[in-house]
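**Q** Take this structure first; my questions come after.
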Amino acid sequence: MSGRPRSAPEWRLAGAAALLAMVASCGQPGNGKNPDISLESAKTKVMSSEQEILGLLPGDAVLSTFAHDTSGLMPCTGGDRRKWTGDAVAEVGADVDREAILDEVVELMEAKDGWTVDDGKTPGGARRIDLLHSDGTHLFVFFVGGPESLRVEGYSACFDFPDYEYGEEY
């Protein structure tokens with residue numbers, strides 16, 4: 001991608017591609033039944049992982065941060081099981097060393113039990129770190145431009161949630 005800022009349709013397309021990648025991975029290992037996972041614990045794991053990753057950024061480089069603390073739920077295969085989706089963003093100065101930060105993400109998560117790290121690329125060729133926990137929690141970490149930001153997007157492990165009503169946020 002050139003150095004120009006993304007337009008609104010390009011942002012929507014990038015978001016749709018990320019969501020499609022997340023939905024396509026729903027059949028991956030780790031989505032089995034685990035009665036110990038609740039909405040609250042699943043949400044907490046996603047949000048704390050997002051914040052831990054954003055915490056790798058040098059404090060003086062961060063211009064602003066934002067994280068969704070409510071979200072709709074995604075279905076899991078079979079029955080009344082759901083996943084909580086979330087994202088967090090840190091807008092950073094243009095002088096942040098993207099590669100060094102993503103290298104730190106890889107190092108941090110490879111050292112944690114249960115996480116598999118795939119240091120790959122987006123369909124557009126940008127570097128993206130794909131993090132999958134053995135419980136099914138799945139995160140994507142990547143930089144975007146316009147404004148320069150580190151994004152962490154993903155979803156939780158599956159949990160039982162029979163009372164979900166489409167459109168509700170938790």
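**Q** Total Lys pairs in the stretch 25-170 closer than 18 Å by alpha-carbon, pairs eight or more apart in sequence or interchain only? Spell out each step's value before the answer.
**A** Working: K33/K43; K33/K45; K33/K83; K43/K83; K45/K83; K45/K112.
Step by step, the pairs that qualify in the stretch 25-170 add up to 6.
**Q** Could you give each residue of the stretch 76-81 its phi-based ³J(HN,Hα) in whole Hz, using Karplus coefficients 6.51, -1.76, 1.60 with θ = phi - 60°, and x for Gly or Pro?
**A** Running phi through 6.51 cos²θ - 1.76 cosθ + 1.60 with θ = phi - 60° gives 9, 5, x, x, 9, 8 Hz.
**Q** Go ahead and run the numbers for FRET between T44 and K121, Cβ-Cβ distance against an R0 of 41 Å, rounding to 0.05.
**A** On the way: r = 30 Å, r/R0 = 0.73.
Once rounded, the FRET efficiency stands at 0.85.
**Q** So, counting K/R as plus one and D/E as minus one, what does the shell of residues with Cβ under 12 Å around A100 add up to?
**A** Numbers: positive: R98, R127; negative: D95, D97, E99, D103, E104, E107.
That sum, taken over residues with Cβ under 12 Å, equals -4.
**Q** At 7 Å along Cα-to-Cβ for each site, give me the label-to-label distance between D95 and E168 in nm.
**A** Roughly 5.0 nm, to one decimal.
**Q** Please express the shape of the stretch 63-117 as an equivalent ellipsoid: the semi-axes are the square roots of 5 times the eigenvalues of the C-alpha gyration tensor, given largest first in whole angstrom. Don't skip to the end; give the middle numbers.
**A** Details: eigenvalues 167, 73, 11 Å².
Each semi-axis is √(5λ); the values are 29, 19, 8 Å.
**Q** What does the charge count around D130 come to, taking other residues whose C-beta lies under 14 Å from its C-beta (Lys +1, Arg +1, Asp -1, Glu -1)? Intermediate results must be reported in sequence, preceding the final value.
**A** Numbers: positive: K121, R127, R128, R151; negative: E110, D118, D119, E153.
Cβ neighbours under 14 Å give a net charge of 0.
**Q** Using the Cα atoms of the stretch 71-164 to build a convex hull, what is its mean projected area in square nanometres?
**A** Details: hull surface 28.2 nm².
If you wrap the Cα atoms of the stretch 71-164 in a convex hull and average its projections, you get 7.0 nm².
Each value in this text was obtained by applying a stated rule to the coordinates, not by laboratory testing. For clarity, every value in this text was computed on a predicted model and none was experimentally measured. Backbone-built Cβ (ideal geometry, glycine too); neighbour counts: all protein chains shown.
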